[in-house]
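Asker: There's a structure below that I have some questions on.
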Amino acid sequence: MTTPATRPDVKRGTIPVFATATAITVANIYFTQPLLDQIARGFGISASAAGLVATAGQIGYALGIVAVIPLADRARLRRLSSVLLAVTAVALLAGALAPSVALLGLATLVLSASTVLPQVIMPTVVSMAAPGQAGRVLGAVGTGLTLGALLSRTASGLIAEATGTWRAGFLVAAAATAALLLVLPRYMPAERPAGAATSGGYARLLASLPRLIAEHPPLRLSAALGATVFAAFSAFWSTLAFHLTAPPIGLGPAVIGLFGLCSVPGALAARYSGRLTDRWGPRAVNALAVTSALLAFALFGVAGQSLAALAVGCNLLGYGVTSGQIANQARIFTARPEIRARLNTVYMFAVFAGGAVGSAVAGVLFSAFGWHGVVSGGLGFLLLGGLALTWHALRTRGTGAGRARHARRREDADAAAVPATRG
């Protein structure tokens with residue numbers, strides 16, 4: 001008999017609804033990237049000016065991580081999710097109708113800030129999990145998150161090609177987000193989270209973030225692993241198009257746009273990492289994730305001119321990133337429910353910062369040393385993550401051995417004291 005993933009009081013179908021919601025909402029962050037060339041031609045501006053739309057999205061998402069996610073520790077989640085979905089849908093519609101690139105950038109900033117809903121869902125779904133099933137539910141929802149990010153670029157490119165306008169992508173995204181508004185809030189908790197009364201006001205929530213870093217070693221480890229692995233992931237994807245268009249590969253943009261589909265099998269396989277996390281613990285899954293990503297970059301370095309090798313590497317890298325994210329969040333969500341959203345805030349900000357650094361470093365390395373420079377940089381990021389994991393394992397082992405010796409000494413002392421007491 002299969003063990004239920006959620007508690008008996010959780011509405012049936014919650015996990016599929018949450019997974020679908022994360023896929024649709026996270027797609028709003030990435031779907032504009034293949035449209036930038038059409039946006040530039042539509043407004044008669046340069047490619048660099050159109051690129052400011054993507055930059056606005058990144059800034060908005062960073063603001064949303066810091067300003068919105070902590071609210072999940074004290075707000076009524078049903079109301080919060082409704083507000084976020086409504087704001088995102090309106091901003092997407094405004095983007096579709098924007099008469100200038102400046103207003104389009106502003107709409108993208110707003111929709112990116114409000115589309116952090118997946119990171120509100122993550123701690124929520126853990127609170128709904130049955131005992132010992134946190135990794136399993138995170139794996140299911142996290143797979144939706146990864147698929148949304150991977151497939152959004154392909155979908156928006158196909159929609160733009162079929163309709164002849166980049167605005168159609170915004171309209172479709174607005175319709176999908178508005179449809180979620182009719183479904184998702186019904187599955188979110190109606191009451192405030194446990195301990196919300198003691199979490200304080202909004203300013204106090206934000207002020208508590210630095211203290212959480214100092215007080216929670218599991219958060220520091222997850223943040224370090226998330227930042228380094230995602231830095232390597234971003235380094236690869238931010239320069240892959242340049243590598244594929246350059247000789248001797250020389251692919252066209254249409255084929256490159258479909259290349260992200262190669263990562264789907266790896267992302268789907270990562271779903272089972274949630275169950276492995278429940279069984280083996282986060283550290284073992286993190287080791288598996290870092291190893292998978294290292295193998296991917298080793299393959300990129302040895303056979304970087306082979307499309308087949310790149311496809312295999314994409315799957316290894318996608319598996320490593322998604323599995324690592326599941327393990328990292330499972331580790332931090334073992335903390336008290338009333339601080340989980342803020343822990344996720346710090347974690348996601350570290351991941352986002354790592355991705356930004358990885359992209360920036362990869363651009364410099366590709367310009368200076370070509371593809372092998374990017375591969376070396378990615379390996380360097382992953383080795384830093386491996387060192388952090390190894391250091392934590394050694395430190396924990398030492399602490400565990402010390403506690404065991406202390407317990408044995410205490411047992412010996414208690415045993416020695418028994419005859420004296422009886423005499």
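Asker: Condition check: under 16 Å from TRP166 (Cα atoms) and assigned by TED's automatic domain parsing to the domain that holds GLY169. Does PHE18 satisfy that? Spell out how you get there, then give the answer.
Answerer: Numbers: under 16 Å from TRP166 (Cα atoms): no; assigned by TED's automatic domain parsing to the domain that holds GLY169: yes.
Here the answer is no, as PHE18 does not meet what is asked.
Asker: What number of residues within segment 365-390 are over 18 Å from LEU288 (Cβ atoms) and either among the hydrophobic types (A, V, I, L, M, F, W, C) or modelled with pLDDT under 90 (or both)?
Answerer: Looking only at that region, the number is 8.
Asker: A further question follows. When you check LEU84 against the structure, is it free of Cβ contacts under 8 Å to residues at least 40 places away in the same chain, under 24 Å from ALA56 (Cα atoms) and surrounded by 22 or more Cβ atoms within 10 Å (Cβ to Cβ), yes or no?
Answerer: On the way: free of Cβ contacts under 8 Å to residues at least 40 places away in the same chain: yes; under 24 Å from ALA56 (Cα atoms): yes; surrounded by 22 or more Cβ atoms within 10 Å (Cβ to Cβ): yes.
Yes: the conditions hold for LEU84.
Asker: Same structure again: Quick check: anything in segment 186-195 in a helix (DSSP H, G or I), assigned by TED's automatic domain parsing to the domain that holds SER100 and either more than 16 Å from THR345 (Cα to Cα) or of a type in the set (Ser, Thr, Tyr) (or both)? Explain how you work it out, then say what you get.
Answerer: Residues of segment 186-195 in a helix (DSSP H, G or I): 186-187.
With the extra rule that they be assigned by TED's automatic domain parsing to the domain that holds SER100, the set shrinks to 186-187.
Still in the running and either more than 16 Å from THR345 (Cα to Cα) or of a type in the set (Ser, Thr, Tyr) (or both): 186-187.
Yes, segment 186-195 has at least one match.
Asker: Now a separate question. Within segment 1-37, restricting attention to residues that are within 15 Å of PHE170 (Cα to Cα), part of a helix (DSSP H, G or I) and modelled with pLDDT of 85 or more, which residue is nearest to the chain's Cα centre (by Cα)?
Answerer: Here the residue is VAL26.
Asker: When you check TYR319 against the structure, is it within 18 Å of GLY139 (Cβ to Cβ), out of contact with any Pro (no Cβ under 8 Å at 6 or more places or on another chain) and at pLDDT 95 or above, yes or no? Break it down stepwise before answering.
Answerer: Details: within 18 Å of GLY139 (Cβ to Cβ): yes; out of contact with any Pro (no Cβ under 8 Å at 6 or more places or on another chain): yes; at pLDDT 95 or above: no.
In short, no.
Asker: Still on this model: Looking at segment 210-225, is at least one residue of a type in the set (A, V, I, L, M), surrounded by fewer than 20 Cβ atoms within 10 Å (Cβ to Cβ) and under 23 Å from VAL126 (Cα atoms)?
Answerer: yes
Asker: Ok, one more. Hey, could you check segment 242-266 for residues that are closer than 30 Å to ALA140 by Cβ and modelled with pLDDT of 80 or more and say which is surrounded by the most Cβ atoms within 10 Å (Cβ to Cβ)?
Answerer: Among those residues, the one meeting the criterion is GLY266.
Asker: Just wondering, is there one or more residues in segment 19-38 that are surrounded by 13 or more Cβ atoms within 10 Å (Cβ to Cβ), under 20 Å from GLY135 (Cβ atoms), in contact with a Phe, Trp or Tyr (Cβ under 7 Å, 6 or more places away or on another chain) and of a type in the set (Val, Ile, Thr)?
Answerer: No, segment 19-38 contains no residue that is surrounded by 13 or more Cβ atoms within 10 Å (Cβ to Cβ), under 20 Å from GLY135 (Cβ atoms), in contact with a Phe, Trp or Tyr (Cβ under 7 Å, 6 or more places away or on another chain) and of a type in the set (Val, Ile, Thr).
Asker: Which residues, taken from segment 39-53, are part of a helix (DSSP H, G or I) and at pLDDT 85 or above? Working first, answer last.
Answerer: Looking only at segment 39-53, we keep the residues that are part of a helix (DSSP H, G or I), and these are 39-43, 47-53.
Matches in segment 39-53: ILE39, ALA40, ARG41, GLY42, PHE43, VAL53.
Asker: Looking only at residues that are free of Cβ contacts under 8 Å to residues at least 24 places away in the same chain and among the small types (Gly, Ala, Ser) in segment 287-312, which one is surrounded by the fewest Cβ atoms within 10 Å (Cβ to Cβ)? Spell out the reasoning first.
Answerer: Let us first name the residues in segment 287-312 that are free of Cβ contacts under 8 Å to residues at least 24 places away in the same chain, namely 295, 299, 302-303, 306, 308-309, 312.
Among the residues that remain, those that are also among the small types (Gly, Ala, Ser) are: 303, 306, 308-309.
Details: ALA303: 14, SER306: 14, ALA308: 9, ALA309: 16.
Going through the qualifying residues, I end up with ALA308.
Asker: Between a first residue in segment 313-330 that is surrounded by 24 or more Cβ atoms within 10 Å (Cβ to Cβ) and aromatic (Phe, Trp, Tyr) and a second residue that is assigned to a helix (DSSP H, G or I) and at pLDDT below 95, which pairs have beta carbons less than 6 Å apart while being 6 or more apart in sequence or on different chains?
Answerer: Qualifying pairs under 6 Å: TYR319/GLY266; TYR319/ALA269; TYR319/ALA270.
Asker: In addition: Can you give me the ranges of the helices (runs of 4 or more DSSP H) entirely in segment 62-160 with at least 3 residues that are among the small types (Gly, Ala, Ser), in contact with an Asp or Glu (Cβ under 9 Å, 6 or more places away or on another chain) and modelled with pLDDT of 95 or more? So that I can check it myself, show each step before the final result.
Answerer: On the way: elements: 77-97, 101-114, 117-128.
Answer list for segment 62-160: none.
Asker: Quick one: which of ALA362, ALA335 is modelled with pLDDT under 95, not charged (D, E, K, R) and not in a helix (DSSP H, G or I)?
Answerer: Details: ALA362 fails: not in a helix (DSSP H, G or I).
Going through ALA362, ALA335 in turn, the sole match is ALA335.
Asker: Still on this model: Can you name the number of the only condition in (1) surrounded by fewer than 17 Cβ atoms within 10 Å (Cβ to Cβ); (2) at pLDDT 95 or above that THR177 fails?
Answerer: So THR177 meets the others, but not (1).
Asker: Now for a separate question. Please tell me if SER112 is within 22 Å of GLU338 (Cα to Cα) and in contact (Cβ under 8 Å) with a residue 40 or more places away in the chain. Write out each step before concluding.
Answerer: On the way: within 22 Å of GLU338 (Cα to Cα): no; in contact (Cβ under 8 Å) with a residue 40 or more places away in the chain: yes.
In short, no.
Asker: Among the listed residues ALA140, ALA174, ALA162, which satisfies the condition of being more than 20 Å from THR22 (Cα to Cα), out of contact with any Gly (no Cβ under 6 Å at 6 or more places or on another chain) and assigned by TED's automatic domain parsing to the domain that holds GLY95? First the steps, then the outcome.
Answerer: Working: ALA140 fails: more than 20 Å from THR22 (Cα to Cα); ALA174 fails: more than 20 Å from THR22 (Cα to Cα).
Unique residue meeting the criteria: ALA162.
Asker: On to the next question. Is it the case that some residue within segment 59-70 is under 18 Å from TRP166 (Cβ atoms) and surrounded by 20 or more Cβ atoms within 10 Å (Cβ to Cβ)?
Answerer: First, pick out the residues of segment 59-70 that are under 18 Å from TRP166 (Cβ atoms): none.
For segment 59-70, residues under 18 Å from TRP166 (Cβ atoms) and surrounded by 20 or more Cβ atoms within 10 Å (Cβ to Cβ): absent.
Asker: Right, here's the next one. Could you tell me how many of the residues in segment 87-105 are buried (at least 18 other Cβ atoms within 10 Å of the Cβ), closer than 23 Å to VAL183 by Cα and more than 22 Å from the chain's Cα centre (by Cα)?
Answerer: From segment 87-105, those buried (at least 18 other Cβ atoms within 10 Å of the Cβ) are 88-89, 91-96, 98, 101, 104-105; that's our starting set.
Subsequent filtering for residues that are closer than 23 Å to VAL183 by Cα retains 88-89, 91-94.
Next, only the ones that are more than 22 Å from the chain's Cα centre (by Cα) stay: 91, 93-94.
Qualifying residue count for the region: 3.
Asker: With the condition kept exactly as written, say whether any residue in segment 32-46 is in contact (Cβ under 8 Å) with a residue 12 or more places away in the chain and of a type in the set (Lys, Arg).
Answerer: Residues of segment 32-46 in contact (Cβ under 8 Å) with a residue 12 or more places away in the chain: 32-39, 42-43, 45.
Of the ones still in play, those that are also of a type in the set (Lys, Arg) are none.
Checked against the condition, which is being in contact (Cβ under 8 Å) with a residue 12 or more places away in the chain and of a type in the set (Lys, Arg), segment 32-46 yields no hits at all.
The values are calculated or read from the model by the stated rules, or taken from the named source; none is laboratory data. Since we're looking at a predicted model, the values are computed, not measured. Heads up, the Cβs are rebuilt from the backbone with ideal geometry, glycines too, and the neighbour counts pull from every protein chain shown.
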